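> Below is one structure. I have some questions about it.
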Amino acid sequence: MTSFEPAPGQTPPPDAVHPRDSSPEAPTSVSRLNETIRDFIQRWNSVWVDGEITAWNLRGGHVFGRLKDADGAASLSFKLWASTLQRLPEPLKVGDRVVACIKADFFVKTGEFSFTASAMRPTGIGDQLERLERLRATLRAEGLFDASRKKPIPFLPHVVGLITGERSDAEKDVHRNAELRWPEVRFRTVHAAVQGERCVPETLAALAALDADPEVDVIVIARGGGDPQTLLGFSDERLVRAVAAATTPIVSAIGHENDHPLLDDVADLRASTPTDAAKKVVPDVAEQRALVQQLRSRARTRMTQRVSTELHHLEQVRSRPVLRDPESLLTGRAQEVWTLASRGREVMTRRLDAAGRTTAELRASLRALSPGATLARGYAIAHIGDGVIVRDAAQAPAGTPLTVTVARGSIAALSEGEVAEAE
């Protein structure tokens, strides 16, 4: 700092004016003010504070975080260098309650005020995190996080509902990335506060309006990154239950990858960032065109192969002799049929002749054994009235009526008496 005594009657330069002596006529400089603040702060000693970690961002081996008063809303930012981080007794995370030794820093060039932590140890889970974990366990027990109740996201929504902060980076990211992927995408955006006391009621009102709109096929709730304290509204039980009861699929796009409000668990789809949400709610037109072209090419190739194969089979079939000269098959079969018919007739004739000879032989045998043949030679058969054949003269006394059967007919007669016995 350059300082010199001004000449009598002259206005001293700003660097020469102490902040407590400044006036409109003799203002101090920014650097003199910052140096005065730095000199004052450097007299402070390290302070041990009790608080809850609400932000824990690891970058380049160092931690940049925030501590929140366990019993109030006050908070402060702190830095934890890598050398100090390695000496911690156990890993820490958002929601842990700690006791930290911090020392104030003030940068003269930028006028920024911060704290550097030289020691930190956990004392238990933070009240805020404990409440959230209890609510998370209750909602999980009710089945609000079950995958079976989550609704599928439409492949190509007609209208995308968007709930986000007015003129926010999240709104720009969703619109820009969605339009790059599908230029014809339509949005119906309802602005709402994304932090503070107005966050929950305005988000609930926006959700109810979009869920009742029949043209809206999917709703995206988007917000940029922030420390867990600013994202508390998206873990509110009223909002979580309203999202679970919505009939329209909900996409949660809150903060960054490491942010995890309760809305992420109950939403039908979680996106790590608003940009990621835009990629998940609409397809990429270039990819779809390439896919259609690929499917068309595959279908054309398959059809060409199928037609070529069938043509080849047809040529093979047409080249067979039977199709070149179909009558040759009939001619050959006709000759075979004629031959078989002739053989059948010959066989049947032989069998009929053999059967005729057998029949004649049987007829001759039967005729030789028949009484008619004997009668034909001049013999006769006599029998009495009851049909008994007379074999002995004693059977027919004189005057007994007889019936004499000859070869041709029968003769009635009377017995004349006993027959003399042969000498």
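The values are calculated or read from the model by the stated rules, or taken from the named source; none is laboratory data. Quick caveat, the model's predicted, so the values are computed rather than measured. Please note: Cβ atoms are built from the backbone with ideal geometry, for glycine as well, and neighbour counts cover all protein chains shown. Accessible surface areas use protein heavy atoms only, side chains included; no ligands, DNA or RNA. Shrake-Rupley method; radii C 1.70, N 1.55, O 1.52, S 1.80 Å.
> Looking at the range 176-191 only, could you name the residues that are in contact (Cβ under 8 Å) with a residue 60 or more places away in the chain and in contact with a Leu (Cβ under 8 Å, 6 or more places away or on another chain)?
Trp182
> Out of everything in the range 74-130 that is basic (Lys, Arg) and either touching a strand residue (DSSP E or B) at 6+ places or on another chain (Cβ under 9 Å) or part of a strand (DSSP E or B) (or both), what residue ends up being surrounded by the most Cβ atoms within 10 Å (Cβ to Cβ)? Spell out how you get there, then give the answer.
Applying the first criterion (basic (Lys, Arg)) to the range 74-130 yields 79, 87, 93, 97, 103, 109, 121.
Restricting the remaining residues to those that are either touching a strand residue (DSSP E or B) at 6+ places or on another chain (Cβ under 9 Å) or part of a strand (DSSP E or B) (or both) gives 79, 87, 93, 97, 103, 121.
Details: Lys79: 15, Arg87: 9, Lys93: 10, Arg97: 21, Lys103: 16, Arg121: 13.
It comes out as Arg97.
> With open to solvent by 80 Å² or more (accessible area, probe 1.4 Å) and outside any helix (DSSP H, G or I) as the only criterion, which of Glu336, Glu416, Glu361 stands out? Give the steps one after another, and end with the answer.
Values: Glu336 fails: outside any helix (DSSP H, G or I); Glu361 fails: outside any helix (DSSP H, G or I).
Exactly one of Glu336, Glu416, Glu361 is open to solvent by 80 Å² or more (accessible area, probe 1.4 Å) and outside any helix (DSSP H, G or I), namely Glu416.
> Go through (1) outside any helix (DSSP H, G or I); (2) open to solvent by 100 Å² or more (accessible area, probe 1.4 Å) and name the single condition Pro283 misses.
(2)
> Of the residues that sit in the range 212-241 and are open to solvent by less than 40 Å² (accessible area, probe 1.4 Å), of a type outside the set (Ser, Thr, Tyr) and part of a helix (DSSP H, G or I), which one is nearest to Asp276 (Cα to Cα)?
So, considering only residues that are open to solvent by less than 40 Å² (accessible area, probe 1.4 Å), of a type outside the set (Ser, Thr, Tyr) and part of a helix (DSSP H, G or I), the one nearest to Asp276 (Cα to Cα) is Phe234.
> For the range 45-73, enumerate the residues that are under 12 Å from Thr116 (Cβ atoms), open to solvent by less than 70 Å² (accessible area, probe 1.4 Å) and aliphatic (A, V, I, L, M). Write out each step before concluding.
If we filter the range 45-73 for residues that are under 12 Å from Thr116 (Cβ atoms), which is where we start, we get 46-47, 62-65.
Among the residues that remain, those that are also open to solvent by less than 70 Å² (accessible area, probe 1.4 Å) are: 46, 62-65.
Val63, the sole residue that qualifies.
> Among (1) closer than 12 Å to Val282 by Cα; (2) among the charged types (D, E, K, R); (3) surrounded by 15 or more Cβ atoms within 10 Å (Cβ to Cβ), which single condition is Glu184 missing?
Condition not satisfied by Glu184: (3).
> Considering only residues that are touching a strand residue (DSSP E or B) at 6+ places or on another chain (Cβ under 6 Å) and among the polar types (S, T, N, Q), look in the range 220-258 and name the one that is modelled with the lowest pLDDT.
Among them, the one singled out is Gln229.
> Now for a different question. Within the range 137-179, work out how many residues are in a helix (DSSP H, G or I) and either open to solvent by less than 30 Å² (accessible area, probe 1.4 Å) or over 21 Å from Asp265 (Cα atoms) (or both). Write out each step before concluding.
Going residue by residue through the range 137-179, those that are in a helix (DSSP H, G or I) are 137-141, 147-149, 169-179.
Remaining after also requiring either open to solvent by less than 30 Å² (accessible area, probe 1.4 Å) or over 21 Å from Asp265 (Cα atoms) (or both): 139, 169-179.
Of the residues in that region, 12 qualify.
> Then there's this: Determine the pairs where a residue that is among the small types (Gly, Ala, Ser), located within the range 24-45, has a partner that is loosely packed, with under 11 Cβ neighbours inside 10 Å with Cβ atoms under 9 Å apart, the partner being 6 or more residues away or on another chain.
Matching pairs, first to second residue: Ser29/Met1; Ser31/Met1; Ser31/Lys109.
> If you go through the range 242-260 one residue at a time, how many are part of a loop (DSSP other than H, G, I, E, B) and either buried (at least 24 other Cβ atoms within 10 Å of the Cβ) or hydroxyl-bearing (Ser, Thr, Tyr) (or both)? Lay out the reasoning, then the answer.
Restricting attention to the range 242-260, the residues satisfying the condition of being part of a loop (DSSP other than H, G, I, E, B) are 246-249, 255-260.
From the residues that got through so far, the ones that are either buried (at least 24 other Cβ atoms within 10 Å of the Cβ) or hydroxyl-bearing (Ser, Thr, Tyr) (or both) too are 247-248, 255.
Of the residues in the range 242-260, 3 are part of a loop (DSSP other than H, G, I, E, B) and either buried (at least 24 other Cβ atoms within 10 Å of the Cβ) or hydroxyl-bearing (Ser, Thr, Tyr) (or both).
> For the range 286-321, what are the residues that are outside any helix (DSSP H, G or I) and either touching a residue at least 24 places away in the same chain (Cβ under 8 Å) or open to solvent by 90 Å² or more (accessible area, probe 1.4 Å) (or both)? Break it down stepwise before answering.
Here is the first cut: in the range 286-321, the ones outside any helix (DSSP H, G or I) are 319-320.
If the condition is that a residue be outside any helix (DSSP H, G or I) and either touching a residue at least 24 places away in the same chain (Cβ under 8 Å) or open to solvent by 90 Å² or more (accessible area, probe 1.4 Å) (or both), then Arg320 is the only one that fits.
> Do you know which residues across the range 364-375 are touching a strand residue (DSSP E or B) at 6+ places or on another chain (Cβ under 9 Å) and either surrounded by fewer than 10 Cβ atoms within 10 Å (Cβ to Cβ) or aliphatic (A, V, I, L, M) (or both)? Can you show your working first?
Step one: list which residues in the range 364-375 are touching a strand residue (DSSP E or B) at 6+ places or on another chain (Cβ under 9 Å), which gives 371, 374-375.
Result: Leu375, single match.
> Output the residues belonging to the range 28-51 that are in contact with a helix residue (DSSP H, G or I) (Cβ under 6 Å, 6 or more places away or on another chain) and either over 27 Å from Ala16 (Cβ atoms) or not charged (D, E, K, R) (or both). Full working, then the answer.
First, the residues of the range 28-51 that are in contact with a helix residue (DSSP H, G or I) (Cβ under 6 Å, 6 or more places away or on another chain): 28-29, 32-33, 36.
Those that are in contact with a helix residue (DSSP H, G or I) (Cβ under 6 Å, 6 or more places away or on another chain) and either over 27 Å from Ala16 (Cβ atoms) or not charged (D, E, K, R) (or both): Thr28, Ser29, Leu33, Thr36.
> Keeping to the range 23-37, report how many residues are surrounded by fewer than 16 Cβ atoms within 10 Å (Cβ to Cβ) and not hydroxyl-bearing (Ser, Thr, Tyr).
Residues that pass the stated criteria total 6.
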